[in-house]
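Reading through the structure tokens given below for one structure.
The values are calculated or read from the model by the stated rules, or taken from the named source; none is laboratory data. Computed from a prediction, not measured in an experiment: that's the story for all the values here. Using ideal geometry, Cβ is built from the backbone for each residue, glycine included, and neighbour counts are taken over all protein chains shown.
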Amino acid sequence: MYRPASIRFSTQSRQKHRPLRRRLAKFAAIQGQMAYDHKKIEAEWQHRWKEQKTFRTETGGTRPKYYVLDMFPYPSGAGLHVGHPLGYIASDIVARYKRHCGFNVLHPMGYDSFGLPAEQYAIQTGQHPAKTTEENAARYRAQLDRIGFSFDWDREVRTSDPAFYKWTQWIFLQLFNSWYDPRADKARPVSELVARFESQGCHGQDASVLTGDVEEFIGEFSAAEWNSFDERTKQMVLQRFRLAYLSEAWVNWCPALGTVLANDEVKDGVSERGGHPVERKRMPQWSLRITAYAQRLLDGLDGLDWSESIKEAQRNWIGRSEGASVRFPIGDDFIEVFTTRPDTLFGVSFLTLAPEHVLVPKFTAPERKAEVEAYVSTAKNRSERERQAEVDKVSGVFTGSYAKHPFTGADIPVWVGDYVLGGYGTGAVMAVPGGDQRDWRFAKHFGLPIIAVTEGADVEKEADERKDATICSEGFLKGLKVPQAIRRAIEELEKIGAGTGKVNFRLRDAAFGRQRYWGEPIPIFYKDDIPYPLPESALPLVLPEVDKFLPTESGEPPLARAKNWTYEGHPLETTTMPGWAGSSWYFLRYMDPKNAERFASKEAIEHWGQVDLYVGGSEHATGHLLYFRFWTKFLHDLGLVPFDEPAKKLVNQGMIQGISMMAKVQASTKDGEEHYLVVPPNSTAEGTFERNYLVDHVVLRDGKHWIDEAGAGKTRDVAAFRGFHLSAPSIELKPVVEKMSKSKFNVVNPDDIIEKYGADTLRLYEMFLGPLEQSKPWDTNGIEGTFRFLKKFWNLFHVGAGQEPSVPSTHRVDPTAALSEEAPSSDELKILHATLKKVTEDIPKMSFNTCVSQFMIAVNELHALKCNKRAVLEPLTIALAPFAPHIAEELWHRMGHAESISTAPWPQWEQRHLEESSFTYPISFNGKMRLQLEFPLTLDAKAMEAAVLANPEVQQRLEGKTPKKVVVVPKRIVNIVV
RNA sequence: GCCCGGGUGGUGGAAUGGUAGACACGAGGGACUUAAAAUCCCUUGGUCCGCAAGGGCCGUGCGGGUUCAAGUCCCGCCCCGGGCACCA
């Protein structure tokens, strides 16, 4: 299977430099067959794994299952950089390790292939997003293949594939056809709700699940009334219960772009792209009632083996707070507020409504109408982000109306202020300036009364928000501690019917419609403007062809351009699902990816169960991971999956950052054109700013980074530098660690690394870089170490023992793999078993950097012992296989095995090889280590203390003094206190 | 402001309360070589004393504390990264 050297070097002939080739050829001739040729080995094994479907997984069998999942990537046009595979390498190590341990491992990969960039590209070029997606996925696949992952590609899924999104649409229909029953605390079919309405009507008991910022309970009705409702009314009532429902939601509408923008696409009230004005507008929107699951999403976190920071982020996002809802009567109506501090009710000096509160117009006194309307319209058009950013600017307006205090009956002025958010709670607050700093600022600004609510508060200076204070405001709560006062206040509110205890969540329902083309069509049609679900038989509802990927002239989504976008003559929904739809359930599809009858068979779901290990970036902390859990809980409620959390263990890999080369430039205008002058990096002159430089052509001189002429010349093509003036023959650059990104010119492509060092080296190096969870900058320089390690490991098999280690190993010619069948020495066994122990213990901890360093120690030591014994190297090769699979597979083969190394059982470490008869004790004086003494482990503490004190060097250090105390910790340390 | 991480040599990092700096990069020195590459060996936290062997002192962001013993535990700060935020 090995080609002669001369032919082998034909692979090198692509290299341009002939002299180099000649030199390499000579080198290869010396090395014969024994050199570590990563290119050949990796290409060969990747080919064989593919041919023989080594990593194909069958559902079922008697082996225990293990499901290792990576967050699948969006296939962007930029391809992979070295940061992307970090998590995949880690999960691949675990997958391979678990296979060695006898598990049936599911380790799939696919693409989250619906998304904005492909659509944006389509708008600009007319290229169909399906085509770009296809090309990008092919490129990703080629890059991933070169790293040697053990994915079962037969199970690949793509969210944009109709065979996949058929089931995304199917799940949407289940959501549409379900409501949340608060008594059973789970989702149930809407048909059951209808049956109940038909027999008992509705008496408000289900109202607690109604959510959304415009949702209001429709009111009570009897069975007879329900039966007399017309179809439209019935459907409208049911809308309020469905888990997928059509409502109106505030969106960032950009008329110039004719599209809805995400919050982060809006900067300072204008679109980030193009700078067009953006207005907040109410539009019909499909939403998912995730809020019905708020409590379960919160409770479920406790049992998960996820990082504390992610769990905490989800808890904050869900934002549960306990308090009371209080009604303040006003005229024939009332204003409902939510408060966590009903104990401060006697400190209320005004109410504040959010500008978008529906009752603002009603409660505005005629003489104040103009002023209030003006305020509302400006406040409303400020983005939420803006309103939240400017904490110092207090603004508001008095409505001219007064509400009644529920306990005292006092007149409470009603104000409008944009510090109150429309989307949280009821969109209204009872303002207690003595107990809430925001209310206090508002009161100070407008000269409203500030009542002290707690003892010891200095309300002239600030509000007192302590939760262990004693209430001092006049009324029945006076003298009570805050917690008791809260309970008492709620009791009293409930007694007089002015309020109730209430739990409020920050979590809002999830907007589920996008005015976009490249997403799953929502399987809904409209009859008389009432939304109806498509029958299952009509799925998949395939994305139609359109002439342009832009919204229509009248502002409808791109799907409105499609011809015959109807179902049985009725218009179909024209918005599409958001990016997170497919990723909310894709883990189930991997279990049974080809199933045409069901999203995945019952057997497959039962066999594979929850994801045992989920690896991905922490940027999905509150988005994807929340929806992922929500959909799983929903499918569980319908009895479709037996578990209600998707992933038991979650690990977030850190970001691999790039080192950017920053230059300081100064803009100037010459002949009406912008010019850039490169200035010293510490310059603070006006008009200076920083720009990234190409990392190529950077030279280190005098401890500083410089770019040479060639590099500077190349950079001239970058728009920002066009026509700049060089202030020196070369430019000084400042290295900065930041996110790896094409636009920062700091991307490192794994293909280049693999070309030079091989996939095994890349894999080892990415793991060696540091703890998986930590973010760290990529520095290709360090890679030599892992490359050398692999060569050294390889050489253990190929240079016989008995030769002088000082002879460079590449110069020793030994054409056959020289493995000794001799029994290993106890030293050799100790190295082997110490390594097996460390690796076996550290893989489950996901501590891969320490595994790699242990391998290095083992190889260094075995090298020093000139060990080439099969009994040592064979188990070591298996242990290394998850990390560096190609070289391990190759050596395994050379050792005479026909089966893939991935089928080899994991070698067990044995304590007996690690036992020591003695221990070298550090002897410290007052905690400072001074000398070392070796003692047999059988020696007891007392005898050891005597032996230590008898030692001449210890005696000398004691200078005749008697130690106060001697601490002897067996197998650890001896400490002499003087 | 709140929540979660983190701060250790020139660099990435290691260390169940028990010898701080494993392992690796880089740097310096040496071997091999016509030469280079590759490989191998040695040194490498700072500082001071010594011709040397060797030894002293300082040292894990800062200040306290607990302990025979603290990078590790406790209290109070500072800084960096990430997330959330007029959340009532």
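Can you name the residue in the range A:284-297 that is crowded, with 16+ Cβ neighbours inside 10 Å and within 16 Å of A:Q239 (Cβ to Cβ) and is also modelled with the lowest pLDDT among such residues?
The residue in question is A:Q285.
Check A:F346 against each of (1) more than 14 Å from RNA strand B (Cβ to nearest atom); (2) touching a Lys or Arg at 6+ places or on another chain (Cβ under 7 Å); (3) assigned by TED's automatic domain parsing to the domain that holds A:T426 and name the one condition it does not meet.
For A:F346, the failing item is (2).
With respect to A:G960, determine if the residue is exposed (fewer than 15 other Cβ atoms within 10 Å of the Cβ), within 9 Å of RNA strand B (Cβ to nearest atom) and of a type outside the set (V, I, T). Explain how you work it out, then say what you get.
Values: exposed (fewer than 15 other Cβ atoms within 10 Å of the Cβ): yes; within 9 Å of RNA strand B (Cβ to nearest atom): no; of a type outside the set (V, I, T): yes.
No: the conditions fail for A:G960.
Out of (1) on the phi > 0 side of the Ramachandran plot; (2) in contact with a strand residue (DSSP E or B) (Cβ under 8 Å, 6 or more places away or on another chain); (3) away from RNA strand B (no atom under 14 Å from the Cβ), what's the single condition that is false for A:R870?
Result: A:R870 fails condition (1) only.
Of the conditions (1) more than 17 Å from A:R146 (Cβ to Cβ); (2) modelled with pLDDT of 95 or more; (3) within 17 Å of the chain's Cα centre (by Cα), A:Y67 fails just one. Which one is it?
Failing condition for A:Y67: (3).
Among (1) in a loop (DSSP other than H, G, I, E, B); (2) assigned by TED's automatic domain parsing to the domain that holds A:A223, there is one condition A:A195 misses while meeting the rest; what is its number?
So the condition that A:A195 fails would be (1).
Answer with yes or no whether A:P75 is assigned to a loop (DSSP other than H, G, I, E, B), crowded, with 22+ Cβ neighbours inside 10 Å and at pLDDT 95 or above. Show your work before the answer.
Values: assigned to a loop (DSSP other than H, G, I, E, B): yes; crowded, with 22+ Cβ neighbours inside 10 Å: yes; at pLDDT 95 or above: no.
Here the answer is no, as A:P75 does not meet what is asked.
Within the range A:641-667, how many residues are in contact (Cβ under 8 Å) with a residue 40 or more places away in the chain and over 18 Å from A:V615 (Cα atoms)? Walk me through how you get there before you give the answer.
Initial filter on the range A:641-667 (in contact (Cβ under 8 Å) with a residue 40 or more places away in the chain): A:641, A:644-665.
Still in the running and over 18 Å from A:V615 (Cα atoms): A:641, A:644, A:657-665.
Number satisfying all stated conditions: 11.
I need the full set of residues from the range A:745-789 which are more than 8 Å from RNA strand B (Cβ to nearest atom), among the polar types (S, T, N, Q) and surrounded by fewer than 22 Cβ atoms within 10 Å (Cβ to Cβ), in order please.
Our first condition is that a residue be more than 8 Å from RNA strand B (Cβ to nearest atom); within the range A:745-789, this holds for A:745-767, A:772, A:778, A:780.
This time we only want the ones that are among the polar types (S, T, N, Q), so: A:746, A:749, A:761, A:780.
Scanning the range A:745-789 gives A:N749, A:T780.
Would you check which residues across the range A:578-612 are among the aliphatic types (A, V, I, L, M), crowded, with 23+ Cβ neighbours inside 10 Å and either at pLDDT below 95 or touching a Ser or Thr at 6+ places or on another chain (Cβ under 6 Å) (or both) and list them?
A:A581
What number of residues in the range A:495-509 are more than 10 Å from RNA strand B (Cβ to nearest atom), within 40 Å of the chain's Cα centre (by Cα) and either among the β-branched types (V, I, T) or in a loop (DSSP other than H, G, I, E, B) (or both)?
3
If you scan the range A:963-976, which residues turn out to be surrounded by fewer than 10 Cβ atoms within 10 Å (Cβ to Cβ) and either touching a His at 6+ places or on another chain (Cβ under 8 Å) or at pLDDT 90 or above (or both)?
If we filter the range A:963-976 for residues that are surrounded by fewer than 10 Cβ atoms within 10 Å (Cβ to Cβ), which is where we start, we get A:964-965, A:971.
Across the range A:963-976, there are no qualifying residues.
Going through the range A:413-440 one residue at a time, which ones are near RNA strand B (Cβ under 7 Å from one of its atoms) and among the charged types (D, E, K, R)?
Of everything in the range A:413-440, those that are near RNA strand B (Cβ under 7 Å from one of its atoms) and among the charged types (D, E, K, R) turn out to be A:D418, A:D436, A:R438.
Based on what the data block shows, is A:K845 within 14 Å of RNA strand B (Cβ to nearest atom), part of a helix (DSSP H, G or I) and under 34 Å from the mean Cα position of the chain (by Cα)? Outline the logic, then answer.
Numbers: within 14 Å of RNA strand B (Cβ to nearest atom): yes; part of a helix (DSSP H, G or I): no; under 34 Å from the mean Cα position of the chain (by Cα): yes.
When the stated conditions are applied, A:K845 does not pass them.
Only one of (1) in contact with a Lys or Arg (Cβ under 8 Å, 6 or more places away or on another chain); (2) at pLDDT 90 or above; (3) surrounded by fewer than 15 Cβ atoms within 10 Å (Cβ to Cβ) fails for A:S902. Which number is that?
Result: A:S902 passes all but (3).
Applying the selection to the range A:315-339, what residues are near RNA strand B (Cβ under 9 Å from one of its atoms) and not in a strand (DSSP E or B)?
A:R315, A:N316, A:W317, A:G319
Do we find that A:G434 is touching a Gly at 6+ places or on another chain (Cβ under 8 Å) and under 23 Å from A:I335 (Cβ atoms) in this structure?
On the way: touching a Gly at 6+ places or on another chain (Cβ under 8 Å): yes; under 23 Å from A:I335 (Cβ atoms): yes.
Criteria met by A:G434.
What residue, of A:L939, A:L949, A:L933, is out of contact with any helix residue (DSSP H, G or I) (no Cβ under 6 Å at 6 or more places or on another chain), part of a strand (DSSP E or B) and either surrounded by 18 or more Cβ atoms within 10 Å (Cβ to Cβ) or not assigned by TED's automatic domain parsing to the domain that holds A:V94 (or both)?
On the way: A:L939 fails: part of a strand (DSSP E or B); A:L949 fails: part of a strand (DSSP E or B).
Exactly one of A:L939, A:L949, A:L933 is out of contact with any helix residue (DSSP H, G or I) (no Cβ under 6 Å at 6 or more places or on another chain), part of a strand (DSSP E or B) and either surrounded by 18 or more Cβ atoms within 10 Å (Cβ to Cβ) or not assigned by TED's automatic domain parsing to the domain that holds A:V94 (or both), namely A:L933.
For residues that are crowded, with 18+ Cβ neighbours inside 10 Å and part of a strand (DSSP E or B), tally how many sit in the range A:512-556. Working first, answer last.
First pass over the range A:512-556, keeping only residues crowded, with 18+ Cβ neighbours inside 10 Å: A:512-525, A:531, A:533-534, A:539-541, A:543, A:546, A:549, A:551.
Retained after the next criterion (residues that are part of a strand (DSSP E or B)): A:514, A:521, A:524-525, A:531, A:533.
Summing the residues that are crowded, with 18+ Cβ neighbours inside 10 Å and part of a strand (DSSP E or B) in the range A:512-556 gives 6.
Within the range A:900-917, identify whether any single residue is in a helix (DSSP H, G or I), within 16 Å of RNA strand B (Cβ to nearest atom) and acidic (D, E), and answer yes or no.
First, the residues of the range A:900-917 that are in a helix (DSSP H, G or I): A:901-903, A:911-913.
Checking the rest, the ones that are also within 16 Å of RNA strand B (Cβ to nearest atom) come to none.
No, the range A:900-917 has no match at all.
Tell me, which helices (runs of 4 or more DSSP H) lie completely within the range A:95-178 with 2 or more residues that are at pLDDT 95 or above and not assigned by TED's automatic domain parsing to the domain that holds A:L550? It would help to see each step written out before you state the result.
On the way: elements: A:116-125, A:129-145, A:162-176.
By residue number, A:129-145, A:162-176.
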